[in-house]
Amino acid sequence: MCCALLLGCSSEAPSAAGSSASAAVPARSAGADDVLQAKFDLEQQLRPFKRDARVYEDPQVLAALESTRQAQTAWVQARDAHPALLPLVEKANGLMSQATREAQTGDSAVAKRLAAEAAAAKVALEQTGLQQPDLAPLNQARQDAQRAVEIAEIEALKRIPEARELALRLEALIQAQ
């Protein structure tokens, strides 16, 4: 149970790239919201196909995922070492340590509260990191790496007859953005 509580607070999560990128985007128009909804709907329809070995074992997908992992790791290391962010890093790490200790030996309600506080501290750290101009190239690199994963997955999905049409539609939406 304690592991489940703490997984959401990991600073190494690859999905952080996508979530942080969207957090930095200003308000969108209704047309852009429609495109995002259509993209989301297509991604949901393609989800079962992404579990197919022809996608998740595809060499291009694996290479793109590795690039994403490396870009995310570089971002986290630079962000956590950034002098302006050290107080936020210490706060987030301290809360995470407390939550871990409490989950292992103490009250689970306290552990949950501390894990939630740690998650909020990580979000604040991420958002503040996105505002640091000297970290912008690393953030751009992880966004580019995540886009490369999307592209590689679409290429692999297009080779699955049942997923081809959906993959082509998703590709068209992404290119239109």
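Just so it is clear, none of the values below were taken in a lab; they were calculated from the coordinates. In this text, all values refer to a predicted model and were calculated from it rather than measured experimentally. Positions of Cβ are generated from backbone atoms using ideal geometry, with glycine treated the same way; all protein chains shown enter the neighbour counts.
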*Go through region 103-177 and name the GluC sites (Glu not before Pro) that are in a DSSP coil and have 12 or fewer other Cβ atoms within 10 Å of their Cβ.*
162
_Below 12 angstrom from the Cβ of residue 61, what's the summed charge of the other residues (Lys, Arg +1; Asp, Glu -1)?_
-4
*Let me know the charge dipole size of region 98-177 about its Cα centre in debye, to the nearest 20, where only the beta-carbon of Lys, Arg (+1) and Asp, Glu (-1) is charged.*
100
*With r defined as the distance between the Cβ atoms of residue 101 and residue 123 and R0 fixed at 25 Å, what FRET efficiency is calculated, to the nearest 0.05?*
0.70
_residue 60 paired with residue 174, simple spin-label distance in nm, labels 7 Å along Cα-to-beta-carbon_ = 1.0
*asked:* For a quick check of your reading of the filter: which trypsin sites (Lys or Arg not before Pro) in region 33-63 sit in a DSSP loop and have no more than 10 other Cβ atoms within 10 Å?
replied: 51
